[in-house]
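No lab work stands behind these numbers, since they all come straight from the coordinates. Everything numeric here is computed off the predicted structure, so don't read it as measured data. Note that each Cβ is placed from the backbone with ideal geometry, even for glycine, and that neighbours are counted across all protein chains shown.
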């Protein structure tokens with residue numbers, strides 16, 4: 001009997017602690033305001049003035065949009081090559097390298113812009 005009471009008390013305590021952890025998170029407050037790693041890693045966009053946010057968005061689109069369009073074209077070309085009856089392996093490999101290079105360039109530009117935003121927030 002004593003063992004059952006200890007087990008039930010332990011389960012209730014665990015359930016209580018689990019509920020406390022869930023209540024501590026603020027999941028309903030929008031992006032990047034919840035709890036966990038990503039809430040600390042990403043900036044809070046609500047602290048950026050509207051003019052600055054639109055400026056950052058325009059800058060991002062101006063730098064990244066042409067690369068994204070180029071990436072989409074390369075992906076379509078790669079799909080066309082794979083759908084051919086006799087695909088050209090060398091052309092496929094070179095196209096894949098181009099796609100990876102474009103993705104790396106997009107990631108680099110995104111990181112640079114993210115750093116600018118984080119500096120502006122400080």
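When each of 112, 91 is scored by the number of other beta-carbon atoms lying within 10 Å, the sequence from fewest to most is 112, 91.
The calculated pair-distance distribution of the range 43-121 uses every alpha carbon pair, bins of 5 angstrom beginning at 0, and gives 3, 14, 20, 16, 12, 10, 9, 7, 5, 3, 1 percent. The stretch between residue 100 and residue 122 holds 4.6 nm of extra length on full extension. This uses 0.36 nm per residue minus the Cα-Cα distance.
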